[in-house]
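Laboratory data are not the source of any read-out in this text; all were calculated from the coordinates shown. Computed from a predicted structure; not experimentally measured. Note that we place each Cβ from the backbone using ideal geometry, even for glycine, and neighbour counts take in every protein chain shown.
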Amino acid sequence: MSNRRKFLRSSFLSSFGLLLGRKLHAGGPYPRLAGNPVVISTWDTGLAANAGAWKILGSNGRALDAVETGVRVTEDEINCCVGLGANPDRDGFVTLDACIMDEKGNCGSVGFLERIKHPISVARRVMEKTPHVMLVGSGAQQFAVAEGFHLEEQKLSDDAKKAYEQWLKKSEYKPVINIENTRSGGAGHGPSAPTRLSNGDWNHDTIGMVAMDAAGDLSGSCTTSGMGFKMRGRLGDSPIIGAGLFVDNEVGACTATGQGEDVIRMCGSHTVVELMRQGMSPEQACKAAVERIIRIKGEKAKEIQVAFLALNKKGETGAFAIQKGFSYALKNNKEERMYTAKSWY
Ligand code: ASP
């Protein structure tokens with residue numbers, strides 16, 4: 001047989017083998033777990049958000065619809081940590097970031113979006129109605145308005161106004177988290193994501209949610225105002241697919257919260273999903289990702305908070321944080337409650 005014929009024959013056989021392999025592995029390393037929907041989301045605002053998501057998940061709806069509906073509940077809360085009521089940037093403007101990803105690898109994202117109440121829904125429209133993944137700034141706003149989203153008045157909530165006025169007293173900008181800072185009585189140094197409150201809890205500015213629906217499919221969403229008093233134009237991890245959120249329907253899904261810069265530099269959520277693909281449980285994968293940040297940051301890791309929250313195809317969940325105090329909300333057919341994640345420190 002000529003070399004060329006041998007080559008063609010072996011390419012055909014290996015492509016056939018690959019196809020067969022794909023077929024055999026369809027659904028990924030885990031068997032599809034139908035009939036056991038579950039949703040998890042970051043921080044205590046996650047309880048209400050999960051209840052919103054459950055309206056869809058509990059009636060056999062799609063995880064994608066659930067994660068959009070769920071985080072919209074948090075975006076709606078005017079005195080909360082994300083959405084238009086949140087802390088502004090250092091020039092006094094609230095700028096919002098969000099992203100969403102479904103079970104087919106479709107994803108959409110908006111960054112530096114102003115005066116729009118539901119950035120998560122704009123992110124979904126980017127995913128469904130444009131050939132792009134990400135729109136930012138005035139272009140994202142223009143797209144939102146063209147899609148029928150209302151342009152809200154820029155008006156700080158009372159909490160955010162108070163925190164901003166406090167910060168303005170020094171208006172000192174250091175892109176390092178002061179862990180003693182507080183949102184309401186804050187010392188006012190630098191940006192504030194997430195900061196430690198006087199009771200020892202951590203303040204935060206993000207909700208990330210991942211869910212599996214009754215059909216066994218995964219989706220995720222993440223929405224934030226980002227660090228309070230950030231430099232104008234700054235984007236964190238939350239709108240970046242692979243950093244603040246990643247979904248792989250064969251393996252699992254992950255979302256992140258905390259100092260976005262440190263999540264971006266090691267592709268946090270993607271890393272966690274890949275570690276789960278290698279066989280780690282959600283908690284082990286989140287811990288290994290946190291350890292990677294600690295190796296990169298060294299001593300400086302003491303000054304920051306980053307937390308990962310993950311779900312695998314078996315419906316198992318887990319989390320891990322750098323600092324104590326990261327809590328997440330879980331809802332499935334059996335329970336609806338808060339969990340406290342383990343931490344490095
Ligand atoms: N990850 C967000 C950011 O860096 C902040 C947060 O989670 O609180 O913008």
Rough spin-label spacing in nm, given labels placed 7 Å along Cα→Cβ, for GLU165 and ALA34: 5.9 nm
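Could you work out the percent of alpha carbon pairs in segment 224-345 separated by over 26 Å, rounded to a whole number?
15 percent
Any idea what the dipole of segment 256-313 comes to, in debye rounded to 20, about its Cα centre with Lys/Arg Cβ at +1 and Asp/Glu Cβ at -1? Please report the intermediate quantities before stating the final value.
Working: 9 positive and 7 negative charges, 25 e Å.
So the magnitude is around 120 debye.
Kirkwood hydrodynamic radius of segment 134-175 from all distinct Cα pairs, in Å? Walk me through the numbers on the way to the answer.
Details: mean 1/r = 0.0770 Å⁻¹.
This gives a value of 13.0 Å.
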Formal net charge of residues neighbouring VAL290 (Cβ-Cβ distance under 11 Å; K, R +1; D, E -1): +2
For segment 255-301, the fraction of alpha-carbon pairs in successive 5 Å shells from zero, as %: 5, 25, 34, 22, 11, 3, 0
Calculated Rg and Dmax of segment 225-292 using C-alpha coordinates, Å: 12.4, 41
Distant alpha-carbon pairs in segment 45-135 (separation over 17 angstrom), percent: 51 percent
Sum of side-chain charges, GLY236 neighbourhood, beta-carbon under 14 Å (Lys, Arg +1; Asp, Glu -1): -2
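Quick one: net charge of ILE56's neighbours, Cβ under 10 Å, K/R +1, D/E -1?
Numbers: positive: LYS55, ARG62; negative: ASP65, GLU68, ASP213.
Neighbour charge sum, excluding ILE56 itself: -1.
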Segment 95-160 - convex hull of the alpha-carbon atoms, volume per residue in Å³: 78 Å³
Greater than 30 Å apart at Cα, pairs in LYS230/LYS287; LYS55/LYS313; LYS117/LYS313; LYS155/LYS342; LYS55/LYS302; LYS117/LYS342: LYS117/LYS313; LYS155/LYS342; LYS55/LYS302; LYS117/LYS342
